[in-house]
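> One structure, as structure tokens, below. Some questions next.
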Amino acid sequence: MEYFYTKKTAWDELLVRLLVSHDIFGPVAGEHFQEYEHLSSATVPEVIYNRPKPASPLKIFFLPVRENVTSPRKQEKQRIIIGAPACDTEALGLLDEIYLDSDFEDVFYRSRRQNTIIISSDCFDVMEHCHCTSYGIRPWDEKKADAAVAVKGDTLFIRIISEKGRKFISDTGVFTPVTDSSMVSFIDSRHRETESMLERANRLLPDYARTGSLVKESGQALWVKHSATCVSCGACTTICPTCTCFLLIDKPGFHKVKQMDACQYPGFERTAGGEDPLGELHERFRNRYMCKYVWKPAKFHSTACTGCGRCIEACIGKIDKNKLFMELAK
């Protein structure tokens, strides 16, 4: 892996200069969580590095909750998104497969992807519901972002991942190549520590393929039991970095509005004739897991659950999918 480094203060000064020509976003601490903010010169030094994870998934920058797809578009500044964890950048693999499909390409998604530089942040810690390694995903990015950062003291290290990232590092002129591997040995050490913490915490959780088999073979009783506290709010799907369902709504003046949808909403599959294959709560509840662990793996190459744990954290009904899977695995 190819690393460069600079002083953290030089990095912050660089970002402040880039605010003139770029929209820059990064995670900043709130009262109970961290969240992406549109950065200003005052908030650039407050960006959080190497701690999981922003409350919102990375997909919000590429799939707006609601947008008019027939309205004129204004020229946008290039964007830089800092601090995305690997569970979020990995999710872009599935989004890219869906929205950049050569037969059904979404031109708005493509434009946003091309106009964005993604600088991931290696996770040097874990949160209660993090389980990326259970699904074969490392807590640091090696292929989906453009670059990745790690901070030690007053030094910021940046790892090249894509050619876009290489150009960004070259153009800034503030980075020095790392020529002594001992300078970045702490990163490998922290990677191993984070992986060990995740593996210990999730040792009873079945892997991605095994989970798919368990979900497919499961009986109705388990889904009735675990869906009992579900209120069909859709939080689990809208907060998920890989869920992509949407409605296309006709509006007066020949406008079309694309709006995020969720399979957990009542009426999600109801037809004009009144039939609804997901009319029962437990059927809608199971549908989400069938989609993520059975149907999407059969159709796409990318993982449909990256183990971020946000669906557990956002659930009003306190439903823990990991406990459900461990119960299935017994």
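The numbers here are math on the coordinates, done by the rules we state, and not lab data. As the structure is a computational prediction, the values presented were derived from the model and not from experiment. Here Cβ is always computed from backbone atoms with ideal geometry, including for glycine, and neighbour counts include all displayed protein chains.
> Which loop chymotrypsin sites (Phe, Trp or Tyr not before Pro) in segment 211-304, with loop taken from DSSP, have no more than 12 other Cβ atoms within 10 angstrom of their Cβ?
In loop regions of segment 211-304 (DSSP not H, G, I, E or B), the sparsely surrounded chymotrypsin sites (Phe, Trp or Tyr not before Pro) are 254.
> Any chance you could check the Cα centroid distance between segment 48-105 and segment 289-330 for me, in angstrom?
With segment 48-105 and segment 289-330 each reduced to a Cα centre, they are spaced 21 Å.
> Neighbouring Cβ atoms within 10 Å as the yardstick, rank 191, 32, 131 fewest first.
Neighbour counts put them in this order, fewest first: 32, 191, 131.
> Given the pairs 299/321; 53/251; 296/330; 296/321; 8/318; 77/144, which span a C-alpha to C-alpha distance of over 28 angstrom in this model?
53/251; 8/318
> Cut-off 20 Å, label point 7 angstrom out along Cα-to-Cβ of residue 155: give me the residues of segment 182-200 whose amide nitrogen falls inside.
Label zone hits: 182-193.
> For segment 13-125, what D do you get in µm² per second when you plug the Kirkwood radius from alpha-carbon pairs into Stokes-Einstein at 20 °C and 1.002 mPa s?
142 µm²/s
> Let me ask another. Nearest 10 degrees is fine. How inclined is helix 163-172 to the longest principal axis of the chain, computing both from alpha carbons?
40 degrees
> Give me the compactness ratio for segment 170-297, meaning the Cα radius of gyration over 2.2 N^0.38 Å.
Normalised Rg, Cα atoms only: 1.60.
> With just the Cα atoms defining each centre, how far is segment 233-271 from segment 171-225? Give it in Å.
30 Å
> Let me ask you something else. Determine the equivalent ellipsoid of segment 3-201 by diagonalising the alpha-carbon gyration tensor, then write out the semi-axes as square roots of 5 times the eigenvalues, largest first, rounded to whole Å.
Semi-axes, largest first: 26, 21, 17 Å.
> Set the Förster distance to 45 Å, then compute FRET efficiency between residue 225 and residue 20 from the Cβ-Cβ distance, nearest 0.05.
It comes out at approximately 0.20.
> Ranking 66, 79 by Cβ neighbours within 10 Å, fewest first, what do you get?
Ranking 66, 79 by Cβ neighbours within 10 Å, fewest first, gives 66, 79.
> If you don't mind, another one. So for 88, 146, 12, 250, fewest C-beta neighbours within 10 Å to most, what's the order?
Ranked by crowding around the Cβ, least crowded first: 250, 12, 146, 88.
> Run the helix sum for the chain: -39,500 (n - 2.57) per DSSP H stretch of 4+ residues, divided by residue count, reported at 222 nm to the nearest 500 deg cm²/dmol.
Counting only the DSSP helices, I get -9500 deg cm²/dmol.
> Just the Kirkwood number for segment 232-330, please: inverse of mean 1/r across all distinct Cα pairs, in Å, one decimal.
About 15.1 Å, per the Kirkwood formula over Cα pairs.
> Along the charge dipole of the chain, pointing to its positive end and built from +1/-1 on Cβ of Lys, Arg, Asp and Glu, which listed residue (75, 93, 298) has its Cα farthest out?
Final value for the positive-end residue is 298.
> On to the next question. With springs only between Cα atoms under 10 Å apart, run a GNM on the chain and tell me which of 316, 160, 249 wobbles the most.
249
> Okay, moving on. Among 37, 217, 283, whose mean-square fluctuation peaks in a Gaussian network model of the chain (Cα, cutoff 10 Å)?
217
> Could you pull out every one of the lysines with an alpha carbon less than 16 Å from that of residue 323, ignoring same-chain neighbours closer than 8 positions?
Of all the lysines, those that pass the test against residue 323 - Cα under 16 Å, at least 8 places apart if same chain - are 225.
> Highest GNM mean-square fluctuation, the chain, Cα pairs closer than 10 Å: which of 201, 314, 42?
42
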